[in-house]
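The values are calculated or read from the model by the stated rules, or taken from the named source; none is laboratory data. Worth saying up front: this structure is predicted, and the values here are computed from it rather than measured. Don't worry about glycine lacking a Cβ; one is built from the backbone with ideal geometry, like all the others, and counts go over all protein chains shown. Side chains included, ligands, DNA and RNA excluded: accessible areas come from the protein's heavy atoms. Shrake-Rupley method; radii C 1.70, N 1.55, O 1.52, S 1.80 Å.
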Amino acid sequence: MRLIRAELLKLTTTRLWWVMLAVTIAYALLQLGITIGFAGVTGGQPGAPAIPGRDTAPFQELMWGLGASGAVFPMILGVVMMTAEYRYQTITSTFLTTPRRERVVAGKLGAGVVVGLVFGLVVLALTAVAVVITVPLAGGELSFTGSTARIVVGTLAVLMLYTLFGIGIGALIRNQLGAIVAAVAWVFVIEAIVSAIPALRPVGRWTPGGAATALTNSGVDLGLGTDWLLPAWAGGVVLLGYALVFAAVASATTLRRDIT
Amino acid sequence: MSAIEIRDLGKSFGAVRAVDGVSFTVEPGTITGYLGPNGAGKTTTLRCLLGLVTADSGTALVNDRRYVELPHPLTEVGAVLEATNFHPGRTALNHLRVICAAAGLPPERAAEALEQVGLGEVAGKRVMTFSLGMRQRLALATALVGHPRVFILDEPANGLDPAGIQWLRGFLRHLAHERGAAVLVSSHVLAEVEQIVDNVVIIAKGRLVRQGSLAELVSNGDTAIRVRAADPGELVPALERAGATVVQSDGVLRVTGLDAERIGRIALDERVVLTEVSQERSDLQHVFLELTGEGETS
Ligand SMILES: Nc1ncnc2c1ncn2[C@@H]1O[C@H](COP(=O)(O)OP(=O)(O)OP(=O)(O)O)[C@@H](O)[C@H]1O
Ligand SMILES: [Mg+2]
């Protein structure tokens, strides 16, 4: 417990956390804005609009799930929570204070849960404001169904689990730039490729991105299909699994290295 | 019980044998100087002792336990290490608050420790604005927060100005001789620690070269007096008649068995002009200078 408090204190006594929070907020606003702007707009071809109209229930579900795509920012914060210790050589005093190194990582994972939840709640609050304003204006009726609740919880879970995922990667790859590049490349490049190629979908649902999509799946098909996904709970377990496996592997390898 | 016990410690980095079978102990209430030239293996030894580097062989214990087994390490051991740093964007006070939080120490210890090392006024400043000496003081404050009774300090005088070094010496003396702490302090400059250490351990190329109390090492054998005289031919027999042993080389007489005053009086009686009378360097300095490659080529 005290290690979690110490890790949170480490975060709040430097600036990076609120820079990351500001970026996350800006990104969420952008996404909400675009979704609101293009809602109900029909593309060139005839047929259903890509994004449901503002007065519909699916629109609301889609809005609630948007925050999850900003998870890359708390993930980077998670990476830095670990790698900054090596970069600034604070790892020496950290390990002198807590010589059982796996406890240090456990403390960071605990703090990561708090960080992820805070980020998630902020994003969801923005979403709530956006939904409450736009839907009645468009003449729709506000609805908060069981599936909306699932998406809200899923969004919180995704932001939290990506933070842990970042901490896991940071523990494994001590080099800050290397770890950030690896994590971002995974999310943007590998995930994109895997989810874009139908043949890779059996693999895709086991990737962090596939698992995250499962958690926030609103049932609105944006062109990639949704039936290939894992159930939401399994998505959560898979994401958590990544974080814990990375942290465990790191504890047995990278973390044991000599600090010279 | 020794506060620090190192037995047959060995550590290699690839082909480099950084520490090779080093053994020594440090007792409570004493200051031990851990001396050796650059690359001798001092830092590696201390990092093994602190659980930061895993030794290949041997043991390194603090209060009879391996560092990683100490339940509350900061309350038992205070350490200052080279290549330790601080997050540049964090203030000095916050740096210590984080450590207090992680160690379960009361948060007010952070400010107290800063006062103790003379950083009270800059407690709220970001570390990036600190000079090398201020960082060194902050490192020392980190070692003090838990009120430990064992101190392990790697070149703690680095970056300190003469007044700071003076202050550090007084402080270490106080810790060891008044508060009964065990202090192990490394240095590659003998003069830096010679005035405060009780015991000395010297290593070179990873191997222990010499250890013992400072008094022992300094009084090891009779210290000789160097004498130059205008006419040594007449002086030498007179000195020998008075009971001295004289070794002559290059016009310098190394005289043992007589003190400088006696030598002067004998010279006066013999009406020989002395051009130099000086105490030879102590054995400790001799050993150390030879090891560091700065010894006289005589
Ligand atoms: N991480 C490392 N990787 C490879 N070699 C290392 C490493 N750390 C130390 N060494 C080597 O081990 C030897 C001992 O180094 P160490 O830092 O312990 O010496 P030192 O006595 O502290 O020297 P100094 O007075 O310069 O601080 C040196 O030859 C050094 O090059
Ligand atoms: Mg060193």
>> List the residues, sorted by chain then number, that are 5 or more residues from B:ASP56 or on another chain and whose placed amide H is less than 5 Å from its amide H.
In response: B:GLY10, B:LYS11, B:SER12
> Using the beta-carbon distance between A:VAL114 and A:LEU137 and R0 = 35 Å, what value does 1/(1 + (r/R0)^6) give for FRET efficiency, to the nearest 0.05?
Replying inline: 0.50
> Helix A:146-172 versus the longest principal axis of chain A: what angle, 0 to 90°, nearest 10, using Cα atoms?
Replying inline: 30
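Which number comes out as Rg/Rh for chain A once both Rg and the Kirkwood Rh are worked out on C-alpha atoms? Provide the component values of the computation, followed by the final result.
Details: Rg = 19.5 Å, Rh = 19.2 Å.
Value, to two decimals: 1.02.
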>> Over chain A, with the other protein chains present, what is the accessible area per residue in square angstrom, probe 1.4 angstrom?
In response: 44
> Under a plain spin-label model, where a point goes 7 Å from the Cα along Cα-to-Cβ, how far apart in nm are B:SER57 and A:ALA182?
Replying inline: 3.4
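Given N residues in the stretch B:4-219, what is Rg(Cα) / (2.2 N^0.38 Å)?
Working: Rg = 16.8 Å, N = 216, 2.2 N^0.38 = 17.0 Å.
Against the compact-globule rule of thumb, the ratio is 0.99.
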>> Given the whole protein assembly as supplied and a 1.4 Å probe, what does the accessible area of A:VAL249 come to in Å², nearest 10?
In response: 70
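Please work out the Cα convex hull volume for the protein assembly as shown and give it in Å³ per residue. Show your work: numbers first, answer last.
Details: hull volume 105.7 nm³, N = 558.
With only Cα atoms used, the protein assembly as shown gives 189 Å³ per residue.
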>> Compute the helix-to-body angle for A:232-252: its Cα long axis versus the longest principal axis of chain A, expressed 0 to 90° and rounded to tens.
In response: 20
> What lysines could a cross-link reach from A:LYS108, if we take a straight Cα to Cα line under 29 Å and drop same-chain neighbours fewer than 8 places away?
Replying inline: A:LYS10, B:LYS125
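Per the 1.4 Å probe, what fraction of the accessible area of the stretch B:97-150, in percent, lies on carbon and sulfur atoms? Intermediate values should be presented prior to the final figure.
Working: 1260 of 2290 Å².
Carbon-and-sulfur percentage of accessible area, whole number: 55.
Arrange the residues A:THR56, B:THR275 by how much accessible surface each exposes, largest first, with a 1.4 angstrom probe.
Numbers: A:THR56 45, B:THR275 95 Å².
The residues order as B:THR275, A:THR56, largest area first.
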>> Which positions within the stretch A:96-144 get 40 Å² or more of their accessible surface covered by the other protein chains, compared to the chain by itself, with a 1.4 angstrom probe?
In response: A:LEU96, A:THR97, A:PRO99, A:ARG100
> Which angle between 0 and 90 degrees, to the nearest 10, do you get for helix A:72-87 versus the longest principal axis of chain A when only C-alpha atoms count?
Replying inline: 10
> Residue-wise, which Karplus ³J(HN,Hα) couplings in Hz belong to the stretch A:205-215, taking 6.51 cos²θ - 1.76 cosθ + 1.60, θ = phi - 60°, and x for glycine or proline?
Replying inline: 6, 8, 7, x, x, x, 5, 5, 4, 4, 5
>> Quick check: Cα centre of the stretch A:120-177 to Cα centre of the stretch B:21-69, how many Å?
In response: 50
>> Give the average over all directions of the projected area of the C-alpha convex hull of the stretch A:59-211, one decimal, in nm².
In response: 10.7
>> Output needed for the stretch B:178-273: three equivalent-ellipsoid semi-axes, defined as square roots of 5 times the C-alpha gyration tensor eigenvalues, in descending order, whole Å.
In response: 39, 15, 11
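Ranked from the most accessible area to the least, with a 1.4 Å probe and all protein chains present, what is the order of B:ASP250, B:ASP64? Write out the running numbers ahead of the final one.
On the way: B:ASP250 150, B:ASP64 80 Å².
Descending order: B:ASP250, B:ASP64.
Per residue, what accessible area does chain B have, given a 1.4 Å probe and all protein chains present, in Å²?
On the way: 13270 Å² over 298 residues.
About 45 Å² of surface per residue is accessible.
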> Gap in Å between the Cα centre of the stretch B:168-189 and the Cα centre of the stretch B:93-154?
Replying inline: 18
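Express the Stokes-Einstein translational diffusion coefficient of the stretch B:222-281 in µm² s⁻¹, to the nearest whole number, given a Kirkwood radius over alpha-carbon pairs, 25 °C and a viscosity of 0.890 mPa s.
223
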